[in-house]
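Here's the structure we're looking at; comments come further down.
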Amino acid sequence: MKHYPAEFKADAVALYRSRPGATIKSVATDLGVDTETLRNWIRAADGRRSGAHSTPAAAPRPGGDAVQAELAAARKRIRELEEERDILRKAARYFAGDCVLNTKGS
């Protein structure tokens, strides 16, 4: 059984949540983890979230400028893409380190 750092688990859950159309299976495949493993991490994170108070997303101001709303949406998407990129970089480093360890043992 493989042990994953807590940060990797949290990043994997964040990646899944940042992709609205993605399935657990597709994200798990991208990260190289078992589908059920990722599903369990998501359930555990959901259990922790249910006890926390969630803050509502900032709604556009009534009569606000459409350009400002579009800019806010673009900034949000940029943050999501940067988070996905960072998670994938961490995963690549993690698995590259794992490969180096496995080749030394051979």
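Numbers below:
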read-out: Residues within segment 5-33 that are exposed (fewer than 14 other Cβ atoms within 10 Å of the Cβ) and closer than 14 Å to F95 by Cβ, tallied; value: 3
read-out: Selection count where residues are in a loop (DSSP other than H, G, I, E, B) and not aliphatic (A, V, I, L, M), scope segment 1-18; value: 4
read-out: Qualifying residues in segment 19-44 (those that are more than 16 Å from K2 (Cβ to Cβ) and outside any helix (DSSP H, G or I)) - the one nearest to the chain's Cα centre (by Cα); value: R19
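Where a number appears in this text, it was derived from the coordinates with a stated rule and is not lab data. Here the structure is a predicted model, which means the values were calculated and not measured. As a convention, Cβ positions derive from the backbone with ideal geometry for all residues, glycine included, and neighbour counts pool all protein chains shown.
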